[in-house]
Amino acid sequence: MKKILITGGAGFIGSHLADELLARGYSVRAFDCLDPQVHGEARRRPDYLDPSVELVVGDVCDKDALTRALDGIDAVFHFAAAVGVGQSMYEVAHYTRVNNLGTAVLMEALITRPVERLVVASSMSLYGEGLYRNAAGEVREGGERSLEQLRRADWELHDADGSTLRPEKTPETKSPALASIYALSKYDQERMCMLTGRAYQIPTVALRFFNAYGPRQALSNPYTGVLAIFASRLLNDSAPRIFEDGLQQRDFVSVYDVARACRLALESPNAPFEVFNVGSGAPQDVCSIAARLARVMGKEHIAPEILGKYRVGDIRHCFSDIAKARELLGYEPQVRLDDGMAELASWLAGQAAVDRVAQASAELNARGLTV
C-alpha cells in the first residue's frame with residue numbers, strides 16, 4: 001500500500017483529496033498547522049477529516065517536523081499555503097514565510113528523503129489577467145488596468161486602439177503576470193518544486209487550481225474562496241459584496257473534480273514535470289454566481305451589493321483551458337455547477353459562520369488597497 005503525505009491535508013482541498021486517495025486504497029498522512037484563521041482558535045482536528053488519516057500537527061517551516069513526517073512516505077502533495085490575494089498585500093512577511101520559505105524547507109527535506117512523486121498546488125492567480133482576443137481575432141495577453149481607468153469605473157481591458165478585448169480560455173502557455181504577493185508566492189512554490197524535482201530526479205507535477213468550491217470551505221475566513229465568502233454573508237442574512245460591476249468572469253470547479261485531478265497527477269505516467277490547469281473550463285460572472293448561491297440557499301431576497309470599487313491585486317477575467325489535462329491526465333470535470341451548488345447549499349444549511357468580511361474590508365481600506 002502506497003503511503004501519501006499531504007501538507008495542508010486537514011484543509012478544504014487536502015481533506016477531499018485524502019478521501020479520494022483512501023477510496024483508491026492509499027494510506028494517507030496529513031501534515032497541517034491547523035491555522036486558527038481556517039480551523040478556529042481551538043485548533044482541533046476537523047470532524048470531516050477521515051479517521052483513518054494520520055494527522056501530524058506541525059509548521060511547514062519546521063524542517064525537523066517535516067522530515068519526520070516524510071518517514072515511510074512514497075509521494076507528497078504540497079498544499080500547505082497561506083491563501084488570499086487581499087491579505088497577502090499587507091501580511092507580506094507571513095505569506096512569504098509560509099508559502100516561499102515553507103516550500104524551500106520541504107524541498108530541503110525531500111533532498112534527503114526523496115519520493116516517487118511530488119505534486120504541488122499552484123494557482124490560477126499567477127496568470128494575472130487571462131487570455132484575450134481583439135476585434136480582429138488576434139490573441140492578446142491581458143495587461144494591467146491603470147488606476148486612472150479604474151477610477152472612472154472602466155473595468156474592461158482594451159486594445160491599443162481603445163476597443164474592448166474579449167476574454168478567452170487561458171492555457172498553461174500564457175505568461176505569468178503576478179498581480180499580488182499571493183500570486184508571486186504561488187509561482188515561487190511551483191517553480192521551486194519543479195527546479196528541485198528536476199535536480200534530484202523527483203518526478204514533479206504542478207496543478208494550477210481555479211476557483212474550487214464545495215463542502216468544508218472555511219466559512220469564517222474572509223480571505224478564502226469567493227463562494228465561501230458569499231455563503232458566510234448569506235448565512236448571516238447579509239448581502240454578498242462584489243467589487244467592480246460583478247461582471248468579471250471566473251472558473252468555478254467542484255472540489256471533487258479537483259481531488260480527482262490530483263489523483264490523476266499522482267498516477268499518470270504523462271504527468272511528471274508538466275503544469276496543468278484544473279478548472280471547469282466554463283466561465284461564470286461573479287454576480288450571477290452570487291445570485292445562484294442565494295437562490296439555492298433560499299436567500300433569493302438578498303441581492304448582492306455591487307461596490308463599484310477595485311481591490312489591488314484583482315484581475316478582470318480568467319478562466320481555464322483544460323485541454324492539456326484532458327489529453328495527458330484523462331481529466332474531465334464530472335460535477336455540473338447546478339449539482340455542485342445544490343450540494344453546497346445542503347451542507348451550508350447545517351453550518352454557522354462568523355462574518356468577518358467587514359473587518360477584512362476595513363483592513364484593505366485602511367491601507368489604501370481599494371480604489
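The values are calculated or read from the model by the stated rules, or taken from the named source; none is laboratory data. Nothing here was measured: the structure is a model prediction, and the numbers come from that model. Note that we place each Cβ from the backbone using ideal geometry, even for glycine, and neighbour counts take in every protein chain shown. Heavy atoms of the whole protein, side chains included, go into the accessibility calculation; ligands, DNA and RNA do not. Shrake-Rupley method; radii C 1.70, N 1.55, O 1.52, S 1.80 Å.
Some points to look at:
- Filtering Ser268, Ser280 for residues that are farther than 24 Å from Lys2 by Cα and among the hydroxyl-bearing types (Ser, Thr, Tyr) leaves a single hit, Ser280.
- Filter result for Glu144 (surrounded by fewer than 21 Cβ atoms within 10 Å (Cβ to Cβ), of a type outside the set (Lys, Arg) and either farther than 19 Å from Gly11 by Cα or touching a Phe, Trp or Tyr at 6+ places or on another chain (Cβ under 6 Å) (or both)): yes
- Count of segment 337-370 residues which are in a loop (DSSP other than H, G, I, E, B), under 27 Å from Arg292 (Cα atoms) and not acidic (Asp, Glu): 7
- From Tyr90, Tyr95, Tyr132, residue being of a type in the set (Phe, Trp, Tyr) and either open to solvent by 60 Å² or more (accessible area, probe 1.4 Å) or in a loop (DSSP other than H, G, I, E, B) (or both): Tyr90
- Output for segment 352-371, where each listed residue is within 20 Å of Ala218 (Cα to Cα), of a type outside the set (Val, Ile, Thr), at pLDDT 75 or above and open to solvent by 70 Å² or more (accessible area, probe 1.4 Å): Ala352, Gln359
- Residue count for segment 93-105, restricted to those that are in contact with a helix residue (DSSP H, G or I) (Cβ under 6 Å, 6 or more places away or on another chain) and under 12 Å from Leu66 (Cβ atoms): 2
- Meets criteria (open to solvent by 10 Å² or more (accessible area, probe 1.4 Å), outside any loop (DSSP other than H, G, I, E, B), under 17 Å from Gln189 (Cα atoms) and modelled with pLDDT of 95 or more) for Glu108: yes
- Contacts under 7 angstrom Cβ, first residue in segment 312-340 being free of Cβ contacts under 8 Å to residues at least 60 places away in the same chain, partner assigned to a loop (DSSP other than H, G, I, E, B) and basic (Lys, Arg), 6 or more apart: none
- If you go through segment 341-351 and keep only what is more than 21 Å from the chain's Cα centre (by Cα) and either crowded, with 18+ Cβ neighbours inside 10 Å or in contact (Cβ under 8 Å) with a residue 60 or more places away in the chain (or both), you end up with just Gln351.
- Selection from segment 239-264 of residues that are part of a helix (DSSP H, G or I) and within 25 Å of Arg316 (Cα to Cα): Val255, Asp257, Val258
- Some residue of segment 296-303 being of a type in the set (A, V, I, L, M, F, W, C), open to solvent by less than 30 Å² (accessible area, probe 1.4 Å) and in a loop (DSSP other than H, G, I, E, B): yes
- Number of residues in segment 306-336 that are outside any loop (DSSP other than H, G, I, E, B) and open to solvent by less than 30 Å² (accessible area, probe 1.4 Å) equals 3.
- For segment 115-125, the count of residues that are assigned to a helix (DSSP H, G or I), aliphatic (A, V, I, L, M), at pLDDT below 95 and touching an Asp or Glu at 6+ places or on another chain (Cβ under 9 Å) is zero.
- Of all residues in segment 237-266, those being in contact with a helix residue (DSSP H, G or I) (Cβ under 9 Å, 6 or more places away or on another chain) and open to solvent by 40 Å² or more (accessible area, probe 1.4 Å) number 6.
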